[in-house]
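Heads up: the structure comes next, in structure tokens.
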Amino acid sequence: MQLILAIVQEKDSRRLIEALVAAEFQATMLASTGGFLREGNATVLIGTEEKKVDDVLAVIQKCCRVREQLVSPLPPVVEPVDSYISYPVKVQVGGAIVFVLDVARMVKI
Ligand code: 2BA
């Protein structure tokens, strides 16, 4: 058994869960926060057989889009805040960051 851990944008999370359930995959969604943007995203856990991993990845690819976001960098700690001018920079977020892990054992109690 494999555990797919997908970090997706909040905007895509509902569509992804609906598509996974429609394709008869079991999924759990956790609210999470990106370390860089400090914005809400969603972490979706999907446990499935090894032979179905690519099917899950195809569903994720279909539902999750790449988006660009503007970020204002924080001022450096050493500079006085009033002398610092920050220019927003563009970062590309998503479609999804996916980890596929081996599961030693799954128990339903
Ligand atoms: P965040 O950490 O909020 O990052 C959002 C986007 O900001 C990233 O998109 C990336 O394009 C950019 N970014 C992140 N760190 C950066 C840095 N030090 N300098 C410049 N740009 C930076 P994605 O790569 O698509 O990642 C989306 C979210 O997936 C991340 O949100 C984070 O929650 C998660 N993630 C990405 N890589 C990860 C990893 N190796 N381990 C754990 N979580 C990860």
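Laboratory data are not the source of any read-out in this text; all were calculated from the coordinates shown. For clarity, every value in this text was computed on a predicted model and none was experimentally measured. Neighbour counts are summed over all protein chains in view; Cβ atoms, including those assigned to glycine, are modelled from backbone coordinates with ideal geometry.
Within the stretch 26-40, the set of residues being of a type in the set (A, V, I, L, M) and free of Cβ contacts under 8 Å to residues at least 24 places away in the same chain comprises 27, 29, 30, 31.
Residues that are more than 13 Å from the ligand (Cβ to nearest atom) and either buried (at least 16 other Cβ atoms within 10 Å of the Cβ) or of a type outside the set (Val, Ile, Thr) (or both): find the strands (runs of 3 or more DSSP E) completely inside the chain holding 1 or more of those. Outline the logic, then answer.
Working: elements: 2-9, 27-33, 40-48, 67-71, 89-93, 96-102.
By residue number, 2-9, 27-33, 40-48, 96-102.
Contact map, the stretch 14-25: first residue at negative phi, second residue among the polar types (S, T, N, Q) and not in a helix (DSSP H, G or I), Cβ cut-off under 7 Å, separation 6 or more or different chains; pairs are 25/48.
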